[in-house]
Amino acid sequence: MSGAVDARSSEAILAIVRRVTLVILVLAMGGIFVELLLTEHFADVWQLIPLVLLGLGLPLVAWHTRARSVSSARTLRALMTLFVLSGLLGVFLHYRGNVEFELEQNPRATRWALFRDAMMGATPALAPGVMVQIGLLGLLYVFVSGTARRRQGAESAKGARGARGARGAD
């Protein structure tokens, strides 16, 4: 009896984790998308990358939430990996742009002063890290939604085997 209660409670906890992760993911994606639009983050092609990923990500999350299929999980996993990569690229591009600006202002800056000034420059160097966070959160969501699907399938298979075994004993 306690095994059945434990299984039900772990399924309930997983369902809550899945829902909360989904809500946080959608809010983060929507919020950053709006922020990037409001700050006119589309001056060049590099700045379009997060907008395109976010624009693709929201409907893809909706598709995976409804379908929870292998293809939706793989597609969402691939897109979330691109989120992580784009965030890392964005940190590099923001930092590099700030370094170039700081070197124009002070060509004799020491390494430490250059690093400090570039990190606190006009372009927030770590802001693209939010894409890394969203990507990791999305990968977590794919994992927990896939875990539930596999667990349900395993329990169905066990139940079917048990029913066949009971019929064979008759």
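We did not get these values from a lab; they are worked out from the coordinates using the rules stated. Please read all numbers here as calculations on a predicted model, not as lab measurements. No Cβ is skipped: glycine too gets one built from the backbone with ideal geometry, and neighbour counts run over all protein chains shown.
A few comments on the model shown:
- Dipole-positive endmost among SER71, VAL130, LEU54 within the stretch 53-139 (Cβ charges, Cα centre): SER71
- Sparse packing (at most 13 other Cβ atoms within 10 Å of the Cβ) combined with a DSSP loop state is found for the following GluC sites (Glu not before Pro) in the stretch 1-95: GLU40.
- Each label was represented as a point 7 Å from its Cα along the Cα-to-Cβ direction; for ARG68 and VAL34 these points are 2.9 nm apart.
- Every Cα-Cα pair of the stretch 33-155 was included, and the share exceeding 26 Å stands at 37 percent.
- Cut-off 16 Å (backbone N to label point 7 Å along Cα→Cβ of MET120), residues of the stretch 63-103: 98-99, 102-103
- Theoretical FRET efficiency, 1/(1+(r/R0)^6), r = Cβ-Cβ of LEU58 and PHE101, R0 35 Å, to 0.05: 0.60
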